[in-house]
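These notes are about the structure you will find just below.
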Amino acid sequence: MRIVLAPDSFKGTATATEAARALADGWRSVRPGDDLLSLPMADGGEGTLDAVATARPGACVHEVPGCTGPDGRPVPGRYALLPDGTALVEFATTGGLPLLGERLAPLTATSRGTGETIAAALDAGASALTVGLGGSASTDGGAGLLSALGLRLLDRSGTPLPDGGGALAAAARADLGSLRPAPPGGVRLLTDVTNPLLGPAGAAAVYGPQKGAGAAEVARLERGLERYAELLGGDPRQPGAGAAGGTAYGLAAAWNARITPGAAAVADLLGLDAALDGADLVVTGEGRFDATSLLGKAVGEVLARARRAAVPVRVVAGDSTDARALTLLSLAGDPEDARRRAAHWLHRAGALLARSAGPAAG
């Protein structure tokens, strides 16, 4: 049999790569002669860079030391250079919320480190850029990112603004004269959200509280993003513009970046359709599988493409509201054990699925 293993990450317990490996090891323990293809999935957020770099032959991951983390402390950046000259950058690597721990900084957190990573990729000769957006700590509209690329946001006295969405309301002028040009092959943004930049469904209102913003801080961030949009132009109403604290808007306005559904783009980068051609089964999964999994997320994308290819699918999840999914919770019998030993239970799940496929060929 030919089996495609295409899970997303099991958030907080196993990366997509770790999940695929555990499922594969479990399957092989029962049916060692089967042809297994691991394609760890992602939707543009955390894990996107590793998923694509693992699956794309010739991809080379480069480290960028000393980038600016969301709270100003240095963090290592990374990008993957693909064989066609495209650089893939994952926002969460240098700007992710987990980098702050419990020290959330809703007004001062910055996206600058992602801009520094992008600059390093362009300096290395990248001819196109793909940026995975998600899990951001900042709500600065990508101002920090663009500042690392040459944008100057100035107050009324001509002084550059400090980083962070809390300072944007004081912006009097946006000087794009020194902004380096976008790469010739263009810029593509991957996201699994459709929020606009502003308003009750926008970046500050919806995601600000997750980043530590109270009501007064959300209002301040909203005013800042409104002022920022007045200066940069573009279309703050575009679906997805609010991704990564409005970074999608900033890159679209300043660099004419294209906002695209992340899961579909990652599936294309991984060659999922070609992998499904001739497959007997695809196994996918994530930490929690429910109705929202079908709304632009990686597992929903795998299910849709498998259905079009007429390939049967099995879903493995940490927990699920869908009785058809095989859950780690049901195998472990204890939520804490299912999380703590996720790799063990994923191995067990892989073995169970292999047994359900019938006896191994002799």
note = Filtering the stretch 26-45 for residues that are open to solvent by 10 Å² or more (accessible area, probe 1.4 Å) and over 18 Å from L190 (Cβ atoms) leaves a count of 11
inquiry  = Return the residues of the stretch 162-183 that are open to solvent by 30 Å² or more (accessible area, probe 1.4 Å) and closer than 15 Å to G115 by Cβ; say none if nothing qualifies.
reply    = D163, L176, S178, R180, P181, A182
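So which residues in the stretch 7-25 are surrounded by fewer than 23 Cβ atoms within 10 Å (Cβ to Cβ) and either assigned to a loop (DSSP other than H, G, I, E, B) or more than 18 Å from the chain's Cα centre (by Cα) (or both), if there are any at all? Explain how you work it out, then say what you get.
At the first step, the residues of the stretch 7-25 found to be surrounded by fewer than 23 Cβ atoms within 10 Å (Cβ to Cβ) are 11-13, 15, 17-18, 21, 24-25.
Listed by number, the residues that qualify are K11, G12, T13, T15, R21, A24, D25.
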query = Restricting the search to the stretch 264-284, which residues are surrounded by fewer than 20 Cβ atoms within 10 Å (Cβ to Cβ) and of a type outside the set (A, V, I, L, M)?
reply = D268, G271, D273, D277, G278, D280
ask   = Could you give every pair whose Cβ atoms fall below 6 Å, whose first residue belongs to the stretch 299-311 and is farther than 15 Å from A275 by Cβ and open to solvent by less than 50 Å² (accessible area, probe 1.4 Å), and whose second residue is assigned to a helix (DSSP H, G or I) and among the hydroxyl-bearing types (S, T, Y), counting only separations of at least 6 or pairs across chains?
value = V299/S293; G300/S293
task = May I ask you to list the residues in the stretch 239-266 that are outside any strand (DSSP E or B) and either under 11 Å from G44 (Cβ atoms) or of a type in the set (K, R) (or both)?
result = G240, A243, A244, A248, G262, A263, A264, A265, V266
remark   = When A87 is run through (1) hydrophobic (A, V, I, L, M, F, W, C); (2) assigned to a loop (DSSP other than H, G, I, E, B); (3) over 28 Å from V218 (Cα atoms), the failure sits at (2)
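Picking from V4, V61, which residue would you name as being buried (at least 22 other Cβ atoms within 10 Å of the Cβ) and touching a strand residue (DSSP E or B) at 6+ places or on another chain (Cβ under 7 Å)? It would help to see each step written out before you state the result.
Details: V61 fails: buried (at least 22 other Cβ atoms within 10 Å of the Cβ).
After applying the criteria, what remains is V4.
The values are calculated or read from the model by the stated rules, or taken from the named source; none is laboratory data. The structure displayed is predicted, hence computed values, not measured ones. Note: ideal-geometry Cβ built from the backbone for every residue, glycine included; neighbour counts use all protein chains shown. Only protein heavy atoms, including side chains, enter the accessible area calculation; ligands, DNA and RNA are left aside. Shrake-Rupley method; radii C 1.70, N 1.55, O 1.52, S 1.80 Å.
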